[in-house]
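Data block below; observations after.
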Amino acid sequence: MDFTPSDAQQAMVGLADRIMGDHLDMGRHLAVETAGGWFDRDLWEDLASAGLLGIALGTDVGGSGLDVVALALLLGVQGSHVAPLPLLPSSVAAVIVDQHGSDEQRHRLLPDVAAGGCILTVAVQEFLDDRLSQPSVTFKDGLLHGTKVVVEHLDAASLILVTVRGPDGPRCVLVDPMAAGITRVEGTSTRRQPVWEVTFEATPAEPVGDDTTVGDLLDHLRLGISATQLGVTERALSMTAEYTSTREQFGRPIATFQAVGQRLADQFVNVGGIRLVTLSAAWRLANGADATEDLLVSKWWASERATDVANATQHCHGGMGVAVDYPLHRYTLWNKHLTASLGAGTQSLRALGDHLAR
């Protein structure tokens, strides 16, 4: 396996990095946070204009025709800039519709997704239940019943891709967030992002795909989380290396102290591990190989080892790391949010054990 990005992937990463880097600074972050909603719509429009929102979609629906490795690299760029965007849920849901939806669904929905006008989100988690592949929300006679939690970007979404239990087993369905029978309760995640608990009571829904769709959705979500976490941890470690090289104590940079150097060397290994397992899983997924085991391993690294990175980078920054006008604390909050998404390390290990046992 060669994980070196292709020319097209490198060009995409460079373009995305320039757009996000030019757009986002401390003032812009504070302005978006003050406005609420956790969504930089101007940046979203810039990415749409550059053709980046449909990077992994088919060319016949307005996408670029690249694979999920390119999507993983794009999400890594988002993580490195901690850009408040619905890029992960919308892109993953769109890929699932592209791969599993009917021709009518693909051509009705995906061109607008690639153009930035239609935002998708996903609803896969249920309260105190990490059996993600066995949802308890039911779908019968075209109607949904049950509750999902930690639904992101519900206020901006045009459609929700929901995992359900139908008469023939787990399935995915599309739901209009304004449809009848929906009750929503807003909360806040670790990274201060609005998230919703959504209850469906005889809510109409549209089926997507077959009995393989739920597994593919979970695989792509785990890849997206791991890829975003890779960008977060890489930038946090880089930021810490720069800070400890210039912050002096006792007349010399603190990076020259053995304890600091060893601590950050451990995190260099952790970030390298996250990179390796994430790219390996992305390669397998893109090439049609069974990637579930690799993705569960990747998610474990993106939870357990990423937590070590967050703790070390905060510690090495001291009080500066929690200042709201210094960028590191946003990376720590994103790290914690992604760590727990779809279950943290223990849940990932339990799911891996179940998968191996089967």
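The values are calculated or read from the model by the stated rules, or taken from the named source; none is laboratory data. The model shown is predicted, which means the values in this text are computed figures rather than measured ones. Methodologically, a virtual Cβ is constructed for each residue, glycine included, from the backbone with ideal geometry; neighbour enumeration extends over all protein chains shown.
Please work out which residue is nearest to V324 (Cα to Cα), limiting yourself to segment 42-63 and to residues that are surrounded by fewer than 15 Cβ atoms within 10 Å (Cβ to Cβ) and charged (D, E, K, R).
D42
Can you name the residue in segment 1-41 that is more than 25 Å from L110 (Cβ to Cβ) and among the hydrophobic types (A, V, I, L, M, F, W, C) and is also surrounded by the most Cβ atoms within 10 Å (Cβ to Cβ) among such residues?
Filtering segment 1-41 for residues that are more than 25 Å from L110 (Cβ to Cβ) and among the hydrophobic types (A, V, I, L, M, F, W, C), the one surrounded by the most Cβ atoms within 10 Å (Cβ to Cβ) comes out as V32.
How do the pairs read when you match residues in segment 86-100 that are in contact (Cβ under 8 Å) with a residue 40 or more places away in the chain with residues anywhere that are surrounded by fewer than 24 Cβ atoms within 10 Å (Cβ to Cβ) and aromatic (F, W, Y), using Cβ under 7 Å and keeping only pairs 6 or more apart or on different chains?
Listed by first residue and then by second, the contacts come to P86/F39.
Looking at V151, V113, can you tell me which residue is modelled with pLDDT of 95 or more and either of a type in the set (K, R) or more than 18 Å from G65 (Cα to Cα) (or both)?
Of V151, V113, the one residue that is modelled with pLDDT of 95 or more and either of a type in the set (K, R) or more than 18 Å from G65 (Cα to Cα) (or both) is V151.
With the requirement that a residue be in contact with a strand residue (DSSP E or B) (Cβ under 9 Å, 6 or more places away or on another chain) and either of a type in the set (D, E, K, R) or within 21 Å of T233 (Cβ to Cβ) (or both), what does segment 47-93 give you? Break it down into steps so the answer makes sense when it comes.
Taking segment 47-93 as the starting set, the residues that turn out to be in contact with a strand residue (DSSP E or B) (Cβ under 9 Å, 6 or more places away or on another chain) are 86, 88-93.
Those that are in contact with a strand residue (DSSP E or B) (Cβ under 9 Å, 6 or more places away or on another chain) and either of a type in the set (D, E, K, R) or within 21 Å of T233 (Cβ to Cβ) (or both): L88, P89, S91, V92.
Please verify whether segment 60-74 includes one or more residues that are of a type outside the set (S, T, Y), more than 24 Å from F3 (Cβ to Cβ) and touching a Lys or Arg at 6+ places or on another chain (Cβ under 9 Å). Steps first, please.
Looking only at segment 60-74, we keep the residues that are of a type outside the set (S, T, Y), and these are 60-63, 65-74.
Okay, now just the ones that are also more than 24 Å from F3 (Cβ to Cβ), so 60-62.
Narrowing the set further to residues that are touching a Lys or Arg at 6+ places or on another chain (Cβ under 9 Å) leaves 60-61.
Within segment 60-74 (the criterion being of a type outside the set (S, T, Y), more than 24 Å from F3 (Cβ to Cβ) and touching a Lys or Arg at 6+ places or on another chain (Cβ under 9 Å)), the answer is yes, since at least one residue qualifies.
Just checking, how many residues over segment 305-358 are buried (at least 16 other Cβ atoms within 10 Å of the Cβ) and not in a helix (DSSP H, G or I)?
Qualifying residue count for the region: 5.
Can you tell me how many residues within segment 260-301 are farther than 14 Å from A227 by Cβ and touching a Gly at 6+ places or on another chain (Cβ under 6 Å)?
Matching residues across segment 260-301 total 1.
For segment 223-238, check the following and say yes or no: at least one residue is free of Cβ contacts under 8 Å to residues at least 60 places away in the same chain and either among the hydroxyl-bearing types (S, T, Y) or not assigned by TED's automatic domain parsing to the domain that holds D103 (or both). Walk me through it before giving the result.
Start the filter on segment 223-238 by keeping residues that are free of Cβ contacts under 8 Å to residues at least 60 places away in the same chain, which leaves 238.
Going one step further and asking which of them are either among the hydroxyl-bearing types (S, T, Y) or not assigned by TED's automatic domain parsing to the domain that holds D103 (or both), we end up with 238.
Yes; the residues of segment 223-238 include at least one that is free of Cβ contacts under 8 Å to residues at least 60 places away in the same chain and either among the hydroxyl-bearing types (S, T, Y) or not assigned by TED's automatic domain parsing to the domain that holds D103 (or both).
Does at least one position in segment 139-155 carry a residue that is small (G, A, S) and more than 14 Å from G209 (Cα to Cα)? I'd like the intermediate steps shown before the answer.
At the first step, the residues of segment 139-155 found to be small (G, A, S) are 142, 146.
Keeping just the survivors that are more than 14 Å from G209 (Cα to Cα) gives 142, 146.
For segment 139-155, residues small (G, A, S) and more than 14 Å from G209 (Cα to Cα): present.
Collect the residues in segment 191-249 that are within 23 Å of L85 (Cα to Cα), part of a strand (DSSP E or B) and over 16 Å from the mean Cα position of the chain (by Cα), keeping them in residue-number order.
Listed by number, the residues that qualify are W196, E197, V198.
Given L110, L75, which one is farther than 27 Å from S189 by Cβ and crowded, with 24+ Cβ neighbours inside 10 Å?
Working: L75 fails: farther than 27 Å from S189 by Cβ.
The conditions single out L110.
Quick check on P204: is it at pLDDT below 95, outside the structural domain of Y331 (by TED's automatic domain parsing), within 19 Å of P135 (Cβ to Cβ) and not hydrophobic (A, V, I, L, M, F, W, C)?
Criteria not met by P204.
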